[in-house]
Ligand code: CMC
């Protein structure tokens, strides 16, 4: 019955299907490599600021000091949320999940932005800049609003990462915490055609607008098989509670065929390369902050899972204790992922628009055909 050509049949979940070209991020799932615009993203982690990585993804090369300074300043100048948006957020039910607030917040930004529906390249750049600048502000502001605390305005004298920690915790962070946040946001900034980035590209391919693409991507990111896994990984460490409980917890979970959050990856058949610097950072932070319990549990979980199954940790595993040690509330973790990934979503929107064709695949229809209709009275 189907008119779908046989050569269009693809594996479930589009596994390993190549649907286009991109010059943003290269992944090698067998060697565990990840390049941003040709540079080794993992080797750069800890040595570059998030601002430098955003510039790289959008402009194609790392900035000089002279290029970075005005770029960082425009991000810092755009961090504050419009008063109308904050006023609506004050009315949200206090139990709302931060990812829902973030998605609605992006939609609200579109409604108050006079240029929301202008799809010109220049305007898309400005919208992207504002979205990257404000993603963390939403998360931090919502955390304060729901706790009945005054929102902490962004501090333009601080870097993007330092300011984010400051807006959440109310304290100016120490250098190691800033290094950790820069590392996290930089490693999360892009990752080829993951589910949320694909969503953003599908939306913009209809010539919709930047805010709609980012709001849609946020919806895809929220799921526990994608960005929501970092929250679930930390909840697991808290549930285990003690390194001595790890082996029995993991055995039981695997017997019950539960997925262990922060393990496995569609692309990587080896350890997720982002895990390596994040594991080292989790250790450094644990020692510095005098709280090694979560790191010790995570190392034991990784060993126990490896003994039973041939799966490796992914980016969400060690980053869970990094974010926890930075004082980020657990249900804010996925919004921090979003605060990094928004840079990549915008880069993919630019790339899609530069050579756009509507993304409109087919399914192989497996339902019934030729059924005889009976009006309601005869059924
Ligand atoms: N725990 C236990 N078993 C697992 C896990 C896991 N976390 N991940 C994969 N497996 C097993 C799975 O049960 C299956 O085994 P079998 O062949 O015996 O049935 C095999 O490995 C293949 O798994 P799959 O679910 O078919 O693989 P996938 O490519 O469809 O899924 C994944 C990839 C990331 C959704 C999956 O590994 C998973 O659910 N992981 C837990 C959630 C998670 O950590 N997500 C974050 C992903 S990385 C950050 C991001 O990009 O968002």
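Quick note: the coordinates plus some simple rules give every number you see, no bench work behind them. Just so you know, these numbers come straight off a predicted model, no measurement behind them. Cβ sites come from the backbone with ideal geometry, for glycine too, and all protein chains shown count toward neighbours.
See the values below:
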| read-out | value |
| --- | --- |
| Viscosity 0.692 mPa s, 37 °C: Kirkwood-radius Stokes-Einstein D of the chain over Cα pairs, µm²/s | 150 µm²/s |
| Alpha-carbon centroid distance for the pair the range 102-164 / the range 169-221, whole angstrom | 12 Å |
| Tensor-based shape of the range 229-325 (alpha-carbon gyration tensor, a/c under 1.5 rounded, otherwise prolate or oblate) | oblate |
| Ranking of 324, 184, 312, 39 by count of other Cβ atoms within 10 Å, fewest first | 39, 312, 324, 184 |
| Ranked 126, 288, 52, 90, criterion: other C-beta atoms within 10 Å, fewest first | 90, 288, 126, 52 |
| The chain: relative contact order in percent, alpha carbon pairs under 8 Å with at least 6 residues between | 23 percent |
| The range 227-283 shape via C-alpha gyration tensor axes, a/c threshold 1.5 | oblate |
| Helix-only CD estimate at 222 nm, as mean residue ellipticity for the chain, using -39500 (n - 2.57) per DSSP H run (n ≥ 4) | -17500 deg cm²/dmol |
| Ranked list, fewest to most other Cβ atoms within 10 Å of each Cβ, for 309, 374 | 374, 309 |
